[in-house]
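Below: one structure, written as structure tokens.
What follows is calculated from the coordinates using simple rules that are stated; it is not laboratory data. Keep in mind that this is a model prediction, so the values were computed, not measured. Using ideal geometry, Cβ is built from the backbone for each residue, glycine included, and neighbour counts are taken over all protein chains shown.
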Amino acid sequence: MDCVLEGWQFFTTHVLTYYNPGGKKITMPAKNSGSTDANNTSSDHAELSARERQIMAVVHRKGQASAREIEEGIENAPSYSAVRALIRILERKGHLTHQSIEGRHIYRSAIEPEEVRASAMRSLLETFFDNSAEKAVNALLSDKELAISDEELDRLESAIEQARLRERRSQRKAAKTPASRKSPRR
């Protein structure tokens, strides 16, 4: 899977490689979660094999691509027929759709970019930060090579305040639900 998160680009294969905004390439081992079951119909990106994730990375990066463009976009690509077979598997799993344009199949992700970003972030949090958003944000803020502008810090501050408001509303709503109230004794 490939996605850009405010200047960070993630490629999930056997290792997690990201490029920070300064262009520095950083590689870390990723959790092993690949599945090669062609009958799997899950839309969870964590269940893709390394090659399937590479294909999805090309499609997400380009927005849409032919099988040949996908093959050309994969480093150390398998044969063209292997790429086509993997594309068919990804279509069966529900990750890709295609449209015939001038006799060529053009493939697009069947999953919205927001879902991909959320899936990538959950995977990062789970793999490297013990499911802690605080640890992830602190890692970003303490990265001396990452230049964070005052405007970005202001937007982060605003996002934190919005998250606090959502959590408070959620807690108030939960407190008002009948399941959380004690029923009167008779």
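Observations
- Remark: spin-label model distance Arg88-Gln64 equals 2.3 nm, labels positioned 7 Å along the Cα→Cβ axis.
- When the GluC sites (Glu not before Pro) in the stretch 63-121 are filtered for DSSP coil states and for at most 12 other beta-carbon atoms within 10 Å of their beta-carbon, the remaining sites are Glu75, Glu102.
- The stretch between Arg172 and Arg104, if pulled fully straight at 0.36 nm per residue, gains 19.1 nm over its current Cα-Cα span.
- Sequentially through the stretch 160-171, phi angles give Karplus couplings (6.51, -1.76, 1.60; θ = phi - 60°) of 5, 5, 5, 5, 4, 4, 4, 5, 5, 4, 4, 5 Hz, Gly and Pro residues having no value and appearing as x.
- Placed amide H near Leu48: partners under 5 Å, 5+ positions off or other chain: Ser35
- Potential lengthening between Thr97 and Glu134 on full extension [0.36 nm per residue; Cα-Cα distance subtracted]: 9.7 nm
- Part-to-part distance (alpha-carbon centres) for the stretch 124-164 and the stretch 58-122, which is given in Å: 30
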